[in-house]
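Note sheet for the following structure.
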Amino acid sequence: IDDLALITYIIQGIPDQTNNKSILYGANNLFKFKQKLKIYEKIKSDLDKNKFQNNKGPFMKKMENPKYDIKCYKCNAPGHKAPA
């Protein structure tokens, strides 16, 4: 199998958007492809970390809001609840 055909076949099998995989298309031999694949994996890993860290749903955003902190209904002090 020709190197370029193998590289193209591998790239097409990666489940990602074409613009994210564009870094891989510049390789014309397997050695350069492996180097570019390592770079792609590093970039993808960094993007996934940032996506996970910044992906807070509306519930988590509400919980971070100070108005949702626990307050005592008897003394109105924050940080505890009145006993039942």
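Inside region 1-21, residues that are surrounded by fewer than 13 Cβ atoms within 10 Å (Cβ to Cβ) and either within 11 Å of L37 (Cα to Cα) or of a type in the set (F, W, Y) (or both) make up a count of 1. Scanning region 19-41 for residues that are small (G, A, S) and in a helix (DSSP H, G or I) turns up S22, G26.
Here, each number is a calculation from the coordinates, and none is a lab measurement. Every value quoted in this text rests on a predicted model; they were computed, and no experiment measured them. Reconstructed Cβ throughout: ideal geometry from the backbone, glycine too, with neighbour counts over all protein chains shown.
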